[in-house]
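Following: one structure in structure tokens, then a few remarks.
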Amino acid sequence: MHENEAPAQPPSGGQLPSARTGRALAATGALAVGSGAVALYAAGLDPIGGNPLGTERATVLDPDATLHLIRRASFGMSTALLTDVTEKGPRRWLDEQLHPDRIDDSDVDALLAAYPALASSAAQLQQKYAGARRTPGDELVAATLARQLWSRRQLLEVMTDFWSNHFNVTTPGGPAYATKPVEDAAVIRRHALGTFEDLLLADATSPAMLLHLDNASSRGDDPNENYGRELLELHTVGIEAGYTEADVRDSAYALTGWGVAPDSTFLFTPEAHYTGPLRVMSWSAANAEAADGFKVGADYLRHLAYHPATARHLSTKLARRFVSDEPSTELVDTLAESYLAASSGIIAWLRTLFDSREFATSVGQKVRRPLEDLVATVRALGIGPPVDDPVPSLADLVRRSRDLGQAPLGAAAPTGYADVAAPWLSSSIALGRWNDHRALTAERVPGLAYPELAGLAADSEPQTVGELIDALTTRLTGQVFRSDHRQVLVEFLDTDEDRLYVAAQVDGDLPDLIALILDSPYHLLR
Amino acid sequence: MNLAERALVTAAERVAADAERRTELWSRGFTRRRFLAGAGMVGAAALGSQLVTTRYSYAAPGTGTGRALVVVFLRGGFDGLAAVVPAGDPDYLTARPSIGVPAEVLLPLDRRFGLHPALGGLHGFWTSGQLGIVHAVGGGPGVTRSHFQAMDHVERGVDTPSTRTGWLERALEAAGPGTTFRSVSEGTSLPSSLAGLGTAVALRGVDLVTLNRGSERMTTALRGLFSGLDHVAADQVDLALTVLSEAQALRATPYVPVKGVSYPAGNFGSAMSDVARLVKADVGLRVATVDVGGWDLHSNAGPIEDGDMTYHLTGLGNTLAAFGTDLGERLADVTVVTMSEFGRRVAENGSGGTDHGGGNAMLLLGGRVAGGLVHGGWPGLATEALVDGDVPGVNDYRNVLAELARAQLGIGSVASVFPGHSYVPLGVVR
């Protein structure tokens, strides 16, 4: 793997769990309550009152640094993850996540054996698709969800999701995209934490992308502009860069001849390459010989990878993903500088992000999108993969994500899914989220390994109803609810907080009570 | 009080509480709208006119309150030149040698145009004067060949990027208060055209507006968990619970289209069937939006017999036809308009498809439409008439939408709906 790490920066994260994390861990029985002081906020920032950006910062979420990191760098808290981050400390945990090959993930690998498409060659996938009811794309979508749910390489999954969305190839598509699993492994995952330069070139030679955006049928004498345009607008410099229609045309010309061989691998066909001078913004090429067409195209892509507009465009998207819907210009500038300084190295770029003040003070500024909510729900509840065939259970979960409008890899437009809250806040999605919470607390998705709901609080040995509620909210969201919201749950149980917790009286309500905790802002926000 | 009286009182209290909650919801939207105004929103004169007044505004004949506008957005860039074919133009088949639709299979419209045979289901509405067309529709330089940028422009309906509200939301604002179901998006989320107050409802059909184990105790707790939270998510919780409560009565009667009508299978068919259901239920629907994807046909659009374009047009035409027939007399109150972010290049590309282009066609279906006519200017396909290989958008989409909004929503001035645009009606409404 390519690494272009910037020199190590002074650690801004401590190794000890904060008091809050300690409480959360105590509730899970993972660790005795820690007395260590706070980590990421050491830089003189008051996470609650401090407001360096002058924007609205109020949130009900616990500002604890460990919980914050978990909400952003993973698909949601699980007991195992909280234990892991706390034991290692945020910085060492992050180091490890940035080098996912150092993390044993054999459990999820074993699970993925149920999806043979993932281990198939492009040619095999083309054959496999013929007449199959379940396509390679379907397998990849289910496998992607499985990894988000249960992989220990959580940051890799988040970045895989980020790049898959950036280079969106709507999956499952028709036969043309049967090779998407190859792209997922050899392009997206391989380079997700490498360099953007490598990622962009690999993507531009990936049959799934070449077919999805039609470059495979673009010819010098009759070009297809689809890929050439989206390459500029979506994959690299962005529309703000101010390129012209003539630039779009030459962008398409530069990559004519880049196509797909009959065995579904990349093939450059000189006869299909346009020859003649090319100019796209500040890039130009004489492009006199068709035989040099691959070199010209690769040169063009490298130029785009290091264009300052690309650095800004990608940095805006990264900040939007990890920090807030409207990141500051300062943060975007800092990230763009880091991106260019590290020669498009993604690890160094992510370190800059996680070390930024703006990241540290952005607690609760993101809203979980529907897929993130669904995945985080399974993780919070500690629901495990099926012991037997995982295919039907995952198909059920994929269907639920599709009904919420956000199946993995499923965005219809080349733009990918929006990474801001507004498009995902609707009456329809609100009801959909709530119904999924209820389905999972009532064990309605068949085959999954469900925990005993009463067991979620058992480690804290709650004596009163109030303690039960605190134990559950801490286990599921990492924190105790604000008193008025806590009182809502007490009233839902039609009792008083000081009343003795008698399992026989309360446990029948646990599926609904726990669903409500997952409906709440403490789970919705991240 | 006897039991019956007590039940009545309870019901009355419930209705009052619902109304109060809705008022609160709308007034909070109003607060946030002031925030939007700070962010560049225009037409703030009507502030405060949004408070809801009636639970359901039952359609009173002749008052126009039962009128609705249904906006069907064809995502990806609709090929108006494939749907409404300039058959008489000698340059047409020259530009599209492999995917052009030959004159002999077209259904006759006027001397210039013919209808793609896959849209045959709609031809009867043309002859009966309920289907009108505007061709060569564009939106000025702000509507580029970028999906994202063009959609953003035509759904907000303004040139200024700082205006964050959608054109339909501003049209509704100009129309005044309404019911919970005043504006409905058939789908998981809201389109940008309805961005603004956060009072528009998204649903995937009335039948799916349910909450498992959703007792009153449960919904009370749900509200409580978001109380005191100054966040847009909290507004959606209120809205979802209000919709849930009000959809109960609607769901009770399964929807059956009129005899002989069956909507094509798939999302678009069920969405339009649900719109018909809402219209007939008289719940105060004024605006509905429906999305249909799949139009970005850069490759393999043909052949005419069974190609991708034919497949998509068949679904579009048959669904709109089913909707028109299903509504029957109520089609007098309802207008459907199709729109897209941009049209396609006149010349086909090397992949048997077309790239992103300019001027496009809009279809208008409804009893109040000046049907049987292709409205507006038509520049033709001669090389010198084209701009960058595109049909120039000589008819501004805002003129079409403004005229429909006036007719369907009873708006006087459309200045606040399309600020900065000087409205010139094309005469698409009778």
Cα Rg, Dmax, the range A:97-232, angstrom units: 15.3, 51
Shielding score for B:226-232, defined as the mean number of other chain Cβ atoms within 10 Å: 6
Accessible-area order (highest first, 1.4 angstrom probe) of the listed residues B:230, B:291: B:230, B:291
Residue A:221/residue A:101 FRET efficiency (R0 41 Å; Cβ-Cβ; nearest 0.05): 0.35
With every protein chain in place, the protein assembly as shown: carbon and sulfur % of accessible area (1.4 Å): 54 percent
In the range B:105-148, the trypsin sites (Lys or Arg not before Pro) that fall in loop regions by DSSP, at most 14 other Cβ within 10 Å: B:111
Taking the C-alpha atoms of the protein assembly as shown, convex hull volume expressed per residue in Å³: 170 Å³
A:498, A:247, reordered so the largest accessible area comes first (probe 1.4 Å): A:498, A:247
Computed over the range B:277-430, the ratio Rg/Rh where both radii use C-alpha atoms and Rh is Kirkwood: 0.99
Shape call, the range A:132-199: gyration tensor on alpha carbons, a/c limit 1.5: oblate
Phi to ³J(HN,Hα) by Karplus 6.51 cos²θ - 1.76 cosθ + 1.60 over the range B:250-263, Hz, x for Gly, Pro: 5, 5, 4, 9, x, 8, 10, x, 4, 3, x, 9, 10, 6
Share of pairwise Cα separations in the range A:214-351, more than 17 Å, in percent: 61 percent
Alpha carbon convex hull of chain A, volume per residue in cubic angstrom: 144 Å³
Debye log10 I(q)/I(0) for the range A:277-327, one point scatterer per Cα, at q = 0.23 Å⁻¹: -0.81
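Let me check against my output: what whole-number percent is the relative contact order of chain A, with C-alpha pairs under 8 Å and at least 6 apart?
On the way: 887 pairs, mean separation 92.7, N = 526.
Answer for chain A is 18 percent.
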Pairwise centroid distance, computed over Cα atoms, of the range B:297-357 with the range A:331-364, Å: 45 Å
For residue A:268, distant residues with modelled amide H under 5 Å away: A:259
Solvent-accessible surface (1.4 angstrom probe) belonging to residue B:378, in square angstrom, nearest 10: 60 Å²
Added length on full extension, which subtracts the Cα-Cα distance from 0.36 nm per residue, residue A:185 to residue A:295: 37.1 nm
Helix A:329-341 vs. chain A, principal-axis angle (Cα, 0 to 90°, nearest 10): 60 degrees
For peptides B:74-86, B:158-170, sequence by mean Cβ density within 10 Å, most packed first: B:74-86, B:158-170
The range A:65-70 - phi-based ³J(HN,Hα) in whole Hz, Karplus 6.51/-1.76/1.60, Gly and Pro as x: 5, 5, 4, 4, 4, 4
Trypsin sites (Lys or Arg not before Pro) lying in DSSP loop within the range A:109-175, provided at most 10 other Cβ fall within 10 Å: A:133
Calculated from backbone phi, Karplus (6.51, -1.76, 1.60) coupling profile of the range A:214-228 in Hz, x at Gly/Pro: 6, 5, 4, 10, 8, 10, x, 8, 7, x, 10, 7, 3, 5, x
For the range A:455-524, accessible area per residue (1.4 Å probe, heavy atoms of protein chains only), Å²: 37 Å²
Amide H contacts of residue B:201 (H built 1.01 Å from N, under 5 Å, at least 5 apart or other chain): B:183, B:184, B:185
Other-chain or far-sequence residues with amide H under 5 Å of residue B:396's (modelled H): B:138
Whether the range A:455-524 is rounded, prolate or oblate, judged on the alpha carbon gyration tensor where a/c under 1.5 counts as rounded: rounded
Span per principal axis, largest first, for the Cα atoms of the range A:373-508 (Å): 55, 39, 21
Point-charge dipole on Cβ atoms (K/R +1, D/E -1) for the range B:212-294, about Cα centre, debye to 20: 380 debye
Longest site-free stretch - chain A; sites: GluC sites (Glu not before Pro), DSSP loop, at most 16 other Cβ within 10 Å: A:57-288
Order by protection proxy (mean Cβ within 10 Å, highest first), peptides B:91-102, A:341-352: A:341-352, B:91-102
Centroid-to-centroid separation of the range A:375-430 and the range B:97-164 [C-alpha atoms, Å]: 35 Å
Between helix A:465-477 and chain A: long-axis angle, C-alpha atoms, 0 to 90°, nearest 10: 10 degrees
Nearest-ten-degree value, helix A:245-254 long axis tilted from longest Cα axis of chain A: 80 degrees
Area buried, chain A against chain B - accessible surface, total, 1.4 angstrom probe, square angstrom: 4100 Å²
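The values are calculated or read from the model by the stated rules, or taken from the named source; none is laboratory data. For clarity, every value in this text was computed on a predicted model and none was experimentally measured. All Cβ positions, even for glycine, are placed from backbone atoms using ideal geometry, and neighbour counts span all protein chains on display. Calculation scope for accessible area: heavy atoms of the full protein, side chains included, ligands and nucleic acids excluded. Shrake-Rupley method; radii C 1.70, N 1.55, O 1.52, S 1.80 Å.
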